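Chemist: Got a structure for you, written out below as structure tokens; questions coming shortly.
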Amino acid sequence: MSEALKAAIAVIDAAVDDAKSGLPEDVFLLVSRLTPMINVDLLIQNPAGHTLLTWRDDGFYPRGWHIPGGIIRFKEYMEQRIEKVAMAELGATVAFDAEPILTQQLMTPNRDVRGHFLSLLIRCRLTSEPDPTMAFDADAPQDGQWRWHDGCPDDLLAVQAGYRGYF
């Protein structure tokens, strides 16, 4: 290994306080250009068959609805990420099936940063109500707001098109 590469790796290592709690944004974006990310997506449906989705407007994808999800951190169990996603994106707690109902590869052909995922679709059930302060406001949509849907919305993110059959 070259001295320049060793020095660059040392700088990156010094920037990472504790990889188990997440990476600094710049380091995360670098890693996402080098290796696929593994994420969990939470399929939450009520007894009436409505699906809980969150609004996404974060600059990585065109704005639209998506199934809440998150990238599994280093040395984090899938189950821990499911619980953290439910709390962070919905302000709620969930119970969930032990095994994914779907595993799919998602690749964005025209982008390398956050462009390759192995996604695990997990069937979940709310054990607490979503935080009403995080509910979707059609007059002032904000990234991360949630709403129940009685079918698949036309503006579901294209990267999650493989989930349309679950609505």
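The values are calculated or read from the model by the stated rules, or taken from the named source; none is laboratory data. Just so it is clear, the model here is predicted, and its values are computed rather than measured. All Cβ positions, even for glycine, are placed from backbone atoms using ideal geometry, and neighbour counts span all protein chains on display.
Chemist: Return yes or no: is L126 surrounded by 13 or more Cβ atoms within 10 Å (Cβ to Cβ), under 23 Å from G59 (Cα atoms) and assigned by TED's automatic domain parsing to the domain that holds F60? Lay out the reasoning, then the answer.
Modeler: On the way: surrounded by 13 or more Cβ atoms within 10 Å (Cβ to Cβ): yes; under 23 Å from G59 (Cα atoms): no; assigned by TED's automatic domain parsing to the domain that holds F60: yes.
No; evaluated as a whole, the condition is false for this residue.
Chemist: Can you tell me which residue within segment 43-72, out of those that are buried (at least 19 other Cβ atoms within 10 Å of the Cβ) and either among the hydroxyl-bearing types (S, T, Y) or outside the structural domain of D139 (by TED's automatic domain parsing) (or both), is farthest from G162 (Cα to Cα)?
Modeler: Ranking the candidates gives T54 first.
Chemist: For a quick check of your reading: which strands (runs of 3 or more DSSP E) sit entirely within segment 46-151 and have at least 2 residues that are aliphatic (A, V, I, L, M)?
Modeler: On the way: elements: 51-56, 64-66, 69-71, 94-96, 102-107, 116-126, 146-149.
Once the strands (runs of 3 or more DSSP E) in segment 46-151 are filtered for at least 2 residues that are aliphatic (A, V, I, L, M), what remains is 51-56, 94-96, 102-107, 116-126.
Conditions tested, residue by residue: (1) farther than 21 Å from E83 by Cα; (2) without any contact (Cβ under 8 Å) to a residue 60 or more places away in the chain; (3) in contact with an Asp or Glu (Cβ under 6 Å, 6 or more places away or on another chain).
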{"site": "L29", "(1), (2), (3)": "yes, no, no"}
{"site": "I38", "(1), (2), (3)": "no, no, no"}
{"site": "L52", "(1), (2), (3)": "no, no, no"}
{"site": "G59", "(1), (2), (3)": "yes, yes, no"}
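Chemist: I want to confirm something. Restricting to segment 130-151 and keeping residues that are touching a Leu at 6+ places or on another chain (Cβ under 9 Å) and free of Cβ contacts under 8 Å to residues at least 60 places away in the same chain, which single residue is surrounded by the most Cβ atoms within 10 Å (Cβ to Cβ)?
Modeler: So, considering only residues that are touching a Leu at 6+ places or on another chain (Cβ under 9 Å) and free of Cβ contacts under 8 Å to residues at least 60 places away in the same chain, the one surrounded by the most Cβ atoms within 10 Å (Cβ to Cβ) is M134.
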